[in-house]
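Asks: One structure is given below, represented as structure tokens, and several questions about it will come after.
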């Protein structure tokens, strides 16, 4: 099986554009009438749904930012009543509150469809045994991959993240053929397999779909070599739908965007002008089939470029390049989105601490580690080691509770963290991705 | 009056101890006793000096985080079991010791010990009434 949905994945470009035009017009009408937020934004720009006649009119529409979702927390940007929502997921917000996303029953169906396409592009079939080692829960990774795999008719192992020893044991005993997890976790598992003395010939693993964090070609090569598999890079973000927005094919020459559901644009993040195909800039998505949380020109902050030429795999879907960076300061650590401002909020809430901090991210034996340096203040200081260690522990716990990620906290001397007049340097990322 | 101890927060990086002692030396402050408690990440330097008020001032001016704590200084007989006698007294009175360190005395037959207890007043009282030599702040600062 080469494609899950050949008529869509290999649709001639003119037909695809016609389909996008129709769906965009409907989406704009729907959000204008059902979401007060979008209506207000469109009225501010002096446009009405009738002004949007096709995708060439996209630049007339206002952008949507992560902050807009937060300002309307939790459900203010939903386009349907809560009674129509069957699933709610959430990801990190820039401070405190989460970014909330809601799905109707048919949104879940569409999500399963695009995720099934993703799995098939990695070679999965209904005979596959798919081990989903993305986290299950508010994070979209686990359940997104799960529903796509079930839609495909494969046998799903919903093991979620963690407990690497068990992961490896099950991989061997159940004959897992497809692994779904973050690329760094795949490398970690490869080490565990080696340590457990398991030979690759004892495994049935053929391919993996790896996403939720950046994966360089060097990292992909290492995964492929260590696990003896085909490693496919996948892309998604919960606001747009979750995993399944775009996926590589075996040609590994960019990630095909499921364009019949999501229209991409590349813009200059400063001027906000749309850039011609091939240019590098910020990736922006408009969803054209989603019911629960339709998004108009959502600013992903991910840097990429678009390639419309035909692909050797036969798919006509536009390809986005691997994400090469961010236009904001968001970090992705073990698949979890982290904004430095979240740490600042924790320190300010605690009171005794100064809001001067430095985040140091590194990769130690294929796992991301994060250390937060916090300046000592005279109110926190004590002549007893135990009291200072308690404070350190308390800061650590608060940060961990906020981020949902384990961190190390190191107390440093006052004024030892560099102050700057302009944008403070808050992050040192030592990872070589 | 209790003996005042100055505690200083130090990151575990080279040169910090030298810096503290240089600042004190430049300001003609004499150290009579010190102890360093360290963990993998940081250290707490505890000092007894001849002029604690001035010492704290100059260290703060140089950007160090400091705190002042009341501690008890005792002189015990420099012979086996000397310290044990004093500690037993505190234990029997239910006074807990948070930390302690010994330092050099100029008297030949006496060892000097700094004690940080949960109840400094009670500690001094039981030690004195049981014949242990509790030093005054002035005696300690002049060492």
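Asks: Working only within segment A:91-104, note down all residues that are within 22 Å of residue A:328 (Cβ to Cβ) and modelled with pLDDT of 95 or more.
Replies: Of segment A:91-104, the ones within 22 Å of residue A:328 (Cβ to Cβ) are A:91-101.
Within segment A:91-104, A:100, A:101 meet the criteria.
Asks: Filtering segment A:408-426 down to residues that are more than 13 Å from every other protein chain (Cβ to nearest Cβ) and closer than 28 Å to residue A:385 by Cα, which residue is modelled with the lowest pLDDT? Step through it out loud before you land on a result.
Replies: Here is the first cut: in segment A:408-426, the residues more than 13 Å from every other protein chain (Cβ to nearest Cβ) are A:418, A:420-426.
The next check asks that each one be closer than 28 Å to residue A:385 by Cα; those that pass are A:418, A:426.
Numbers: A:418: 81, A:426: 87.
By that ranking, first place goes to A:418.
Asks: Name the pairs: first residue in segment B:37-53 and at the interface with chain A (Cβ under 8 Å from one of its Cβ atoms), second residue crowded, with 21+ Cβ neighbours inside 10 Å and assigned to a loop (DSSP other than H, G, I, E, B), Cβ to Cβ under 7 Å, at least 6 apart or on different chains?
Replies: Every condition considered, the pairs that remain are B:44/A:383; B:46/A:383.
Asks: Turning to a different aspect of this structure: Filter segment B:1-19 for residues that are out of contact with any helix residue (DSSP H, G or I) (no Cβ under 6 Å at 6 or more places or on another chain) and away from chain A (no Cβ under 11 Å); which is modelled with the lowest pLDDT?
Replies: Here the residue is B:14.
Asks: Going by what's in this entry, would residue B:90 be described as farther than 26 Å from residue B:31 by Cα and either touching a helix residue (DSSP H, G or I) at 6+ places or on another chain (Cβ under 8 Å) or not in a helix (DSSP H, G or I) (or both)?
Replies: Details: farther than 26 Å from residue B:31 by Cα: yes; either touching a helix residue (DSSP H, G or I) at 6+ places or on another chain (Cβ under 8 Å) or not in a helix (DSSP H, G or I) (or both): yes.
The answer is yes for residue B:90.
Asks: Okay, next question. Which members of segment A:250-290 meet the condition of being over 11 Å from residue A:318 (Cβ atoms) and outside any loop (DSSP other than H, G, I, E, B)?
Replies: Selection gives A:267, A:274, A:281, A:282, A:283, A:284, A:285, A:286, A:287.
Asks: A further question on this structure: Collect the residues in segment A:276-288 that are farther than 19 Å from residue A:65 by Cα and surrounded by 14 or more Cβ atoms within 10 Å (Cβ to Cβ), keeping them in residue-number order.
Replies: A:280 - this is the single residue of segment A:276-288 that is farther than 19 Å from residue A:65 by Cα and surrounded by 14 or more Cβ atoms within 10 Å (Cβ to Cβ).
Asks: For residue A:223, state whether it is in the same structural domain as residue A:147 (by TED's automatic domain parsing), crowded, with 22+ Cβ neighbours inside 10 Å, touching a residue at least 12 places away in the same chain (Cβ under 8 Å) and farther than 15 Å from residue A:118 by Cβ. Let's see the steps before the verdict.
Replies: Values: in the same structural domain as residue A:147 (by TED's automatic domain parsing): yes; crowded, with 22+ Cβ neighbours inside 10 Å: yes; touching a residue at least 12 places away in the same chain (Cβ under 8 Å): yes; farther than 15 Å from residue A:118 by Cβ: yes.
Considered against the rule, which asks whether it is in the same structural domain as residue A:147 (by TED's automatic domain parsing), crowded, with 22+ Cβ neighbours inside 10 Å, touching a residue at least 12 places away in the same chain (Cβ under 8 Å) and farther than 15 Å from residue A:118 by Cβ, residue A:223 comes out as yes.
Asks: Any idea which of A:309, A:321 is without any contact (Cβ under 8 Å) to a residue 40 or more places away in the chain and in the same structural domain as residue A:195 (by TED's automatic domain parsing)? It would help to see each step written out before you state the result.
Replies: Values: A:321 fails: without any contact (Cβ under 8 Å) to a residue 40 or more places away in the chain.
Every option except A:309 fails the conditions.
Asks: Within segment B:34-67, restricting attention to residues that are assigned to a strand (DSSP E or B) and more than 15 Å from the chain's Cα centre (by Cα), which residue is surrounded by the fewest Cβ atoms within 10 Å (Cβ to Cβ)? Give the steps one after another, and end with the answer.
Replies: Keep residues of segment B:34-67 that are assigned to a strand (DSSP E or B), which gives B:34-38, B:42-49, B:66-67.
When the remaining residues are screened for being more than 15 Å from the chain's Cα centre (by Cα), the result is B:38, B:42-43.
Values: B:38: 12, B:42: 21, B:43: 17.
Top of the filtered list is B:38.
Asks: Based on what the data block shows, is residue A:358 under 18 Å from residue B:10 (Cα atoms), within 14 Å of another protein chain (Cβ to nearest Cβ), touching a helix residue (DSSP H, G or I) at 6+ places or on another chain (Cβ under 7 Å) and at pLDDT 90 or above? First the steps, then the outcome.
Replies: On the way: under 18 Å from residue B:10 (Cα atoms): yes; within 14 Å of another protein chain (Cβ to nearest Cβ): yes; touching a helix residue (DSSP H, G or I) at 6+ places or on another chain (Cβ under 7 Å): no; at pLDDT 90 or above: yes.
No; evaluated as a whole, the condition is false for this residue.
Asks: Restricting the search to segment A:21-69, which residues are part of a loop (DSSP other than H, G, I, E, B) and out of contact with any helix residue (DSSP H, G or I) (no Cβ under 6 Å at 6 or more places or on another chain)?
Replies: Here is the first cut: in segment A:21-69, the residues part of a loop (DSSP other than H, G, I, E, B) are A:35, A:45-48, A:52-54, A:61-63, A:65.
Passing the criteria: A:35, A:45, A:46, A:48, A:53, A:61, A:63, A:65.
Asks: Here's something else I'd like to know. Can you tell me which residue is nearest to the other protein chains (Cβ to nearest Cβ) among those in segment A:375-397 that are touching a helix residue (DSSP H, G or I) at 6+ places or on another chain (Cβ under 8 Å) and assigned to a helix (DSSP H, G or I)?
Replies: Within segment A:375-397, the match that is nearest to the other protein chains (Cβ to nearest Cβ) is A:395.
The values are calculated or read from the model by the stated rules, or taken from the named source; none is laboratory data. None of these values were measured; they are calculated from a predicted model. Neighbour counts are summed over all protein chains in view; Cβ atoms, including those assigned to glycine, are modelled from backbone coordinates with ideal geometry.
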